[in-house]
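A.B. asks: Have a look at this one.
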Amino acid sequence: MADTREDPRRRMGWKAWVGIGLAAAIVLGLLVWAMISFRPAAEATGSTPTAPSTATATATASPQPTEFTAPTPGATDSVSKPDEPVEVALDEPAEPVEDVVVDVTSVEAVTAGRELPGESSGPAVAVSVRISNNGATPLDTGGSNVNLTYGGDERVPAVAVTDDDATVWPTTIAPGATATATFFFAVPDAPEGDIRVIVDLLATTPDVVFVGPRPGNAM
């Protein structure tokens, strides 16, 4: 009679394969669970929008710089000084603007200047200029100034020097009032020819140039 008993080695081989398959399924399940559990929070939430940060909102709301507009050519022509000065004799008055009279009250040869760095005492010319405001409104003289040239047509600029007797005009001259200022300029004894006293009264009026002989040498 044939032996119908199953071979124990075949039965053990089948169980081993079942165990391996079960272990593989468990390992695969653990891997899938780990991948799901450790996904980044941003990925797990999908497309849920987030509010912009304060810094981003502030930067977005910042105003943009406005475009620079170049000034229109000729916009300041109304305040430019006329090119042609008004020339008069040294001993005559001038009226550079209505109701305002400018005249040179004295021109003297003196010794002026102080022993300062870049300036030494020497021959000079003292010039006193008077401004009369005959108008009904105050006259702004805060920017008014006087210059001097010597040597006749060569018009050599004279250097202004300091002196204890030098004075300036007030910044404003009242209606009906006058004001006199005295200026000192270094002028060598040798040069001959006329001097020119140049009065720059206002930015909108021509300069007044008083032309006359150079005063005698300083004593």
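The values are calculated or read from the model by the stated rules, or taken from the named source; none is laboratory data. Predicted model only: the values in this text are computed from it and were never measured. Virtual Cβ from ideal backbone geometry, glycine too; neighbours counted across all protein chains shown.
A.B. asks: Does residue 114 satisfy the criteria of being surrounded by fewer than 20 Cβ atoms within 10 Å (Cβ to Cβ), of a type in the set (Lys, Arg), modelled with pLDDT under 95 and over 34 Å from the mean Cα position of the chain (by Cα)?
C.D. replies: Details: surrounded by fewer than 20 Cβ atoms within 10 Å (Cβ to Cβ): yes; of a type in the set (Lys, Arg): yes; modelled with pLDDT under 95: yes; over 34 Å from the mean Cα position of the chain (by Cα): yes.
For residue 114, the condition - surrounded by fewer than 20 Cβ atoms within 10 Å (Cβ to Cβ), of a type in the set (Lys, Arg), modelled with pLDDT under 95 and over 34 Å from the mean Cα position of the chain (by Cα) - is met.
A.B. asks: Continuing with this model, one more query. Find the residue count for the range 119-177, including only residues that are more than 31 Å from the chain's Cα centre (by Cα), under 17 Å from residue 96 (Cα atoms) and of a type outside the set (A, V, I, L, M, F, W, C).
C.D. replies: Residues in the range 119-177 being more than 31 Å from the chain's Cα centre (by Cα), under 17 Å from residue 96 (Cα atoms) and of a type outside the set (A, V, I, L, M, F, W, C): 8 in total.
A.B. asks: Pick from 146, 129, 161: which is β-branched (Val, Ile, Thr), buried (at least 19 other Cβ atoms within 10 Å of the Cβ), touching a strand residue (DSSP E or B) at 6+ places or on another chain (Cβ under 7 Å) and farther than 18 Å from residue 208 by Cα?
C.D. replies: 161
A.B. asks: Now a separate question. All but one of (1) modelled with pLDDT of 95 or more; (2) farther than 22 Å from residue 123 by Cβ hold for residue 195; state the number of the condition that does not hold.
C.D. replies: (2)
A.B. asks: Here is a list of conditions, (1) modelled with pLDDT under 95; (2) closer than 20 Å to residue 130 by Cβ; (3) out of contact with any Phe, Trp or Tyr (no Cβ under 7 Å at 6 or more places or on another chain), and residue 218 meets all of them except one; can you say which number that is?
C.D. replies: Here residue 218 clears every test but (2).
A.B. asks: Return a yes/no flag: does the range 118-139 have any residue that is among the basic types (Lys, Arg) and closer than 20 Å to residue 201 by Cα. Steps first, answer last, please.
C.D. replies: To start, the set of residues in the range 118-139 that are among the basic types (Lys, Arg) comprises 130.
Checking the rest, the ones that are also closer than 20 Å to residue 201 by Cα come to 130.
Yes, the conditions are met somewhere in the range 118-139.
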